[in-house]
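FYI, it's all coordinate maths here, none of it is from the lab. These numbers come from a predicted model, not from an experiment. Reconstructed Cβ throughout: ideal geometry from the backbone, glycine too, with neighbour counts over all protein chains shown.
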């Protein structure tokens, strides 16, 4: 959505290769686009879809008629795509992994913040590049305790299924095993507290005859900011929680991440928000909004760039 419409409007032909794991979504999008383009004067064939795996990707990269490549996916594959393009001097934008940080200050609105955090980390089963994965809570007072309790209680209410408001399975067995391994390592190796365990959230009765790789919302409280689950992209409905002693520690944790994408601060004070917005290293920044996705005309990238603020929330909660 950040590349195809803009490329078409600027007069380019576009070939889209969807993920081989989820090809049907973009097929439906393509059908809608083609319907819209009928009668618009746009020649047929300027937008096409091809399916496949690595061989298809390399064929597109090395085809002389393809002048530029864009990619969004895992960091290892992004590196392969970028390297292949640069070896033949082809223009490329390759976006890889993410690790998105949320910071909650003691003055945040507990109900709004907890709801937003759950939507951010558990929506789409956590399998989207903008999903929150680390929650940094400043301090250890009553407000902070209530916030974490609210996050857990709202997470428990999520039901499995494909209906609106429910959470579906993760994409495949490989992803399921990877997510499970991060939870198990946090519990058995580094001694983190599993406050909500998605491995056992849902009973067989709740899942019924549903197929798929089901894992429920998971909340882990870490004692060490260097735990692997705190630093690597899990790509699942897992929220790593760490109590930071100060604003500076929270910023140090966010800034030290090798991944970018998003960072957000929850507060009812505009000055507090500005302090964090000016110090976050990630590109897409939010205030009281856990999925700070910019509009399509703005850049979508990992480090140092777009800032998105939920200004209405700031206005209401600061009573400006």
- prompt: Using helices alone, what [θ] at 222 nm do you get for the chain, with -39,500 (n - 2.57) per DSSP H run of 4 or more residues, divided over all residues and rounded to the nearest 500?
  reply: -11000 deg cm²/dmol
Residue order, fewest to most beta carbons within 10 Å, for 74, 120, 44: 44, 74, 120
- request: Round to a whole angstrom and tell me the spacing of the C-alpha centers of the range 12-57 and the range 119-139.
  value: 30
- prompt: What ratio of Cα Rg to 2.2 N^0.38 Å holds for the range 4-95?
  reply: 1.12
query: Given the Cα atoms of the range 132-197, and with Rh set as the inverse mean 1/r over their pairs in the Kirkwood sense, what is Rg to Rh to two decimals?
result: 1.02
message: Tell me the angle of helix 75-87 to the major Cα principal axis of the chain, expressed in degrees between 0 and 90 and rounded to the nearest ten.
response: 30
- line: Taking Cα atoms only, helix 110-122 is inclined relative to the longest principal axis of the chain by an angle, in degrees rounded to 10, of 40
task: Could you order peptides 1-8, 60-67 by the average number of other Cβ atoms within 10 Å of their residues, highest first?
output: 1-8, 60-67
field: Burial ordering of 85, 108, 13, 264, fewest other beta-carbon atoms within 10 Å first
entry: 13, 85, 108, 264
message: What is the angle, in °, between the Cα long axis of helix 23-37 and the longest principal axis of the Cα atoms in the chain? Nearest 10 is fine, range 0 to 90.
response: 60
query: For the range 51-95, what ratio Rg/Rh do Cα atoms give with a Kirkwood hydrodynamic radius?
result: 0.92
message: Just to be sure I follow: if Rg is taken over the C-alpha atoms of the range 78-233 and Rh is the Kirkwood radius over the same atoms, what is Rg/Rh?
response: 1.02
message: Of all beta bridges DSSP finds with both residues in the range 100-318, what is the antiparallel percent, to the nearest 5?
response: 15
statement: Expected max-MSF residue from 275, 33, 214 in the GNM of the chain (alpha carbon, under 10 Å) is 33
- prompt: Based on the Cα atoms of the chain, what semi-axes does the equivalent ellipsoid have, where each is the square root of 5 times one gyration tensor eigenvalue, given in whole Å with the largest first?
  reply: 35, 24, 20
